[in-house]
Amino acid sequence: MPSRKFADGEVVMGRWPGSVLYYEVQVTSYDDVAHLYTVKYKDGTELALKESDIRSQSSFKHRKSQSSSSSPSRRSSSRSRSRSRSPGRPAKGRRRSASQSREHKDDKKKIIQETSLALVVLVLFKPSENNTKRYNGEPESTEKNDTSCIILEQKLKPDLEIKRVLEQYSLRSRKDDKKTEEIFSEKKTFVAVKPIEKVPSKTKELEFGGRIGTFMLIFLLPATVFYLLLMCKQDDPSLLNFPPLPALESLWEWRVFGVFLLWFFLQAVFYLLPIGKVVEGLPLSNGRKLQYRINGFYAFILTAAAIGVLLYFQFELHYLYDHFMQFAVSAAAFSLALSIYLYVRSLKAPEEELAPGGNSGYFIYDFFTGHELNPRIGSFDLKYFCELRPGLIGWVVINLAMLLAEMKIHNLSVPSLSMILVNSFQLLYVVDALWNEEAILTTMDITHDGFGFMLAFGDLVWVPFVYSLQAFYLVGHPTTITWPVAAAITVLNCIGYYIFRSANSQKNNFRRNPADPKLANLKFIPTATGKGLLVTGWWGFVRHPNYLGDIIMALAWSLPCGFNHILPYFYVIYFICLLVHREARDEHHCKQKYGLAWERYCQRVPYRIFPYIY
């Protein structure tokens with residue numbers, strides 16, 4: 001094991017990832033396994049650096065160049081050479097010595113190399129004109145990377161001028177100049193294009209209660225789903241009325257499992273169709289960008305057409321309602337098998353492909369959170385496919401089956417107003433997610449969380465079978481509401497949807513193109529990573545306005561079920577807990593990522609989700 005060079009608390013010079021700039025940092029810890037130093041910059045940003053990216057402060061002291069004079073032997077030998085000279089050579093009294101010529105060439109090479117490196121730095125890290133004009137009324141010195149580049153540019157201006165003069169009056173042949181330009185071009189291209197590979201470190205801070213918490217969640221999540229479904233089947237679904245446990249043999253049917261597999265692979269076929277645009281995701285730790293095909297909305301249209309054909313040929317779609325618990329068990333069994341496969345294959349995955357949040361070295365924790373970040377079979381991305389396709393589209397199909405079951409069981413010619421509202425609200429939500437499918441590429445699920453039991457069970461079981469709880473409840477417990485009440489609930493849902501969609505659109509448009517003239521009225525706080533933190537619009541109202549819109553919509557989905565039981569409001573309660581927990585995770589990651597800029601942002605926007613409350 002290599003020895004450690006820098007101690008905790010030592011102040012050193014750390015290179016900013018992806019650049020040649022060094023800043024004063026303080027060593028906070030050292031990872032013996034990954035051999036990485038955790039350092040803290042002056043703005044509060046914490047990063048993990050290799051030992052080769054850290055230097056002592058003494059190495060940055062100015063060193064005087066020592067010029068060596070030519071030896072006597074060389075001076076004497078130079079006199080014995082031919083006295084004839086070409087017109088381009090200098091006069092005898094002004095002729096340069098060999099050592100002086102070499103020093104001149106070395107200085108020239110050094111100037112060219114420093115200038116090329118400086119040009120690359122300025123191109124990569126100089127902020128856009130739009131960003132420097134919108135600092136919320138604050139001086140540009142608040143962004144350390146920007147001022148460093150400006151100072152560097154000013155220092156290198158004399159060198160650039162010297163380089164220009166030397167090239168103009170060069171005594172070398174044009175052939176040599178051309179060769180130097182080719183070398184310079186290759187060197188500049190190499191420096192600009194080659195990505196800085198980051199070695200992923202072990203996950204130190206465990207979430208969800210660590211190993212014990214994740215172990216319990218593996219059993220608690222399926223138990224919660226089955227409990228809710230059994231409660232909805234009872235005539236009195238109160239919390240104190242615990243449902244009787246069904247026989248184990250009644251929970252499984254191979255035909256139901258076959259239907260579930262057919263549904264899953266049908267969506268996989270739709271995913272592989274060469275329709276829709278192909279976009280790139282965010283850069284990975286090694287600088288590579290994965291490609292994703294955006295065709296979720298087309299898959300939804302094809303699924304709707306397939307369901308329409310089945311209904312035309314009088315297929316009994318309420319079969320889903322009659323075997324709802326068996327479908328949930330089949331989905332849970334499939335998600336467990338998928339999770340085992342994902343963990344086994346992740347053991348052979350390269351280090352750079354592991355998830356930053358699921359690389360703890362503990363089996364249970366990594367199995368739950370996901371060990372591999374983007375598991376793929378060829379170009380088929382398993383996590384991205386499961387995020388929106390089988391579960392989200394299946395949610396809409398289940399709602400439709402509940403609507404038809406309500407009409408059949410209660411002999412209705414049209415569905416109840418409550419069922420129509422629930423189906424309409426949730427259909428709008430799903431269609432919106434599929435229409436804006438590209439936005440999911442920047443979410444924590446894709447960029448940070450690995451694909452393990454948590455996401456596999458959540459996407460395939462929790463979303464379709466828990467999110468459809470209101471529709472399932474209304475089949476056995478019909479609720480009558482008046483048109484004015486329905487109108488008020490519709491307005492509430494529209495308000496929540498407007499906040500949710502406009503906030504997400506504002507964020508996504510700003511991330512995609514901060515220089516867009518349409519966003520000129522938005523103010524933001526610059527960060528050391530080059531990104532900006534919005535402090536106007538919805539994101540200046542609360543830190544997570546999209547979560548606020550989500551919660552308002554969740555309430556609107558539950559209100560059509562009335563107030564006789566708390567069961568249909570489980571989704572609202574759960575969703576508030578989920579988003580508060582996710583917000584806490586976001587806060588933690590953003591504080592580490594943005595440092596002092598995030599603290600300034602929190603001062604400007606003090607409320608997290610609920611204005612003047614939380």
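Which net charge results for the neighbourhood of F472, defined as the other residues with beta-carbon distances under 15 angstrom from its beta-carbon, given Lys and Arg at +1 and Asp and Glu at -1?
On the way: positive: K233, K408; negative: D235, D322, E406.
Local charge sum for F472: -1.
Exceeding 29 Å between C-alpha atoms, which entries from my cross-link table qualify? They are K42/K202; K383/K531; K277/K383; K5/K348; K233/K383.
Details: K42/K202 25 Å; K383/K531 26 Å; K277/K383 19 Å; K5/K348 32 Å; K233/K383 32 Å.
Beyond 29 Å between Cα atoms: K5/K348; K233/K383.
Got a number for the accessible area of T482? Probe 1.4 Å, square angstrom, nearest 10.
Surface accessible to solvent at T482 totals approximately 80 Å².
Give the ranking of D43, D235, D322 by solvent-accessible surface, highest area first, calculated with a 1.4 Å probe.
In descending accessible area the options line up as D235, D322, D43.
Go ahead and run the numbers for FRET between V278 and N509, Cβ-Cβ distance against an R0 of 30 Å, rounding to 0.05.
Values: r = 21 Å, r/R0 = 0.68.
It comes to 0.90.
Give me the extension gain from Y298 to C577: residue separation times 0.36 nm, minus the current Cα-Cα distance, reported in nm with one decimal.
Details: separation 279, 0.36 × 279 = 100.44 nm, distance 3.28 nm.
Length difference between fully extended and current span is 97.2 nm.
Express in nm, to one decimal, how much length is gained between Y614 and F563 on full extension, taking 0.36 nm for each residue of separation and deducting their alpha carbon distance. Each step should come with its number before you reach the end.
Numbers: separation 51, 0.36 × 51 = 18.36 nm, distance 2.60 nm.
Here the answer is 15.8 nm.
Taking the full set of protein chains and a 1.4 angstrom probe, give the accessible area of E351 in square angstrom, rounded to the nearest 10.
Approximately 100 Å² for this residue.
Using the Cα centre as the reference, give the magnitude of the dipole from point charges on the C-beta atoms of region 10-57 (Lys, Arg: +1; Asp, Glu: -1; all else neutral), rounded to the nearest 20 debye. Display every interim value, and only then the final one.
Values: 5 positive and 8 negative charges, 35 e Å.
In debye, rounded to 20, region 10-57 gives about 180.
Output wanted: per-residue J couplings in Hz (rounded whole) for region 347-362, from phi through Karplus 6.51 cos²θ - 1.76 cosθ + 1.60, θ = phi - 60°, x for Gly and Pro.
My calculation for region 347-362 gives 5, 9, 6, x, 4, 6, 9, 7, 6, x, x, x, 10, 8, x, 9 Hz in order.
If we sort 444-452, 308-316 on the protection proxy, mean other Cβ atoms within 10 Å, highest first, what's the order?
On the way: 444-452: 21.7, 308-316: 10.2.
Descending packing order for the listed peptides: 444-452, 308-316.
Order R585, R511, R608, most accessible first, counting only protein heavy atoms with a 1.4 angstrom probe. Show your work: numbers first, answer last.
Values: R585 20, R511 135, R608 80 Å².
My answer, sorted largest first, is R511, R608, R585.
Based on alpha-carbon centroids, what's the gap between region 572-614 and region 299-370 in Å, whole number please?
Centre-to-centre distance over Cα atoms comes out at 30 Å.
So, with a 1.4 angstrom probe, what is the percent of accessible area on region 10-57 that is carbon and sulfur? Don't skip to the answer; put the middle values down first.
Working: 960 of 2080 Å².
Solvent-exposed carbon and sulfur of region 10-57 make up 46 percent of the total.
For region 309-314, what does the Karplus curve 6.51 cos²θ - 1.76 cosθ + 1.60, with θ = phi - 60°, yield as ³J(HN,Hα) per residue in whole Hz, taken in order and with x for Gly and Pro?
Those phi angles translate into 5, 4, 5, 5, 8, 6 Hz.
Can you put I275, I393, I566, I481 in order of accessible area, largest first, using a 1.4 Å probe? Intermediate values should be presented prior to the final figure.
On the way: I275 60, I393 0, I566 90, I481 30 Å².
My answer, sorted largest first, is I566, I275, I481, I393.
Kindly report, to the nearest 10 Å², the accessible surface of M216 as traced by a 1.4 Å probe over protein heavy atoms only.
120
Each residue of region 456-468 in order: what ³J(HN,Hα) in whole Hz does its phi give by Karplus 6.51 cos²θ - 1.76 cosθ + 1.60, θ = phi - 60°, with x for Gly and Pro?
Rounded to whole hertz, the list is 5, 5, x, 6, 9, 10, 4, 4, x, 9, 9, 5, 8.
Sequence-distant or interchain residues sharing an amide H contact under 5 Å with Y30, placed H: which?
Counting only residues 5 or more places away or on other chains, the set is T38.
Can you give me the distance in nm between label points at K42 and W254, each placed 7 Å from the Cα along the Cα-to-Cβ direction?
That separation, rounded to one decimal, is 7.2 nm.
The values are calculated or read from the model by the stated rules, or taken from the named source; none is laboratory data. Since the structure is predicted, the reported quantities are computational estimates derived from the model, not experimental observations. Neighbour counts are summed over all protein chains in view; Cβ atoms, including those assigned to glycine, are modelled from backbone coordinates with ideal geometry. SASA here: full protein model, heavy atoms, side chains in, ligands and nucleic acids out. Shrake-Rupley method; radii C 1.70, N 1.55, O 1.52, S 1.80 Å.
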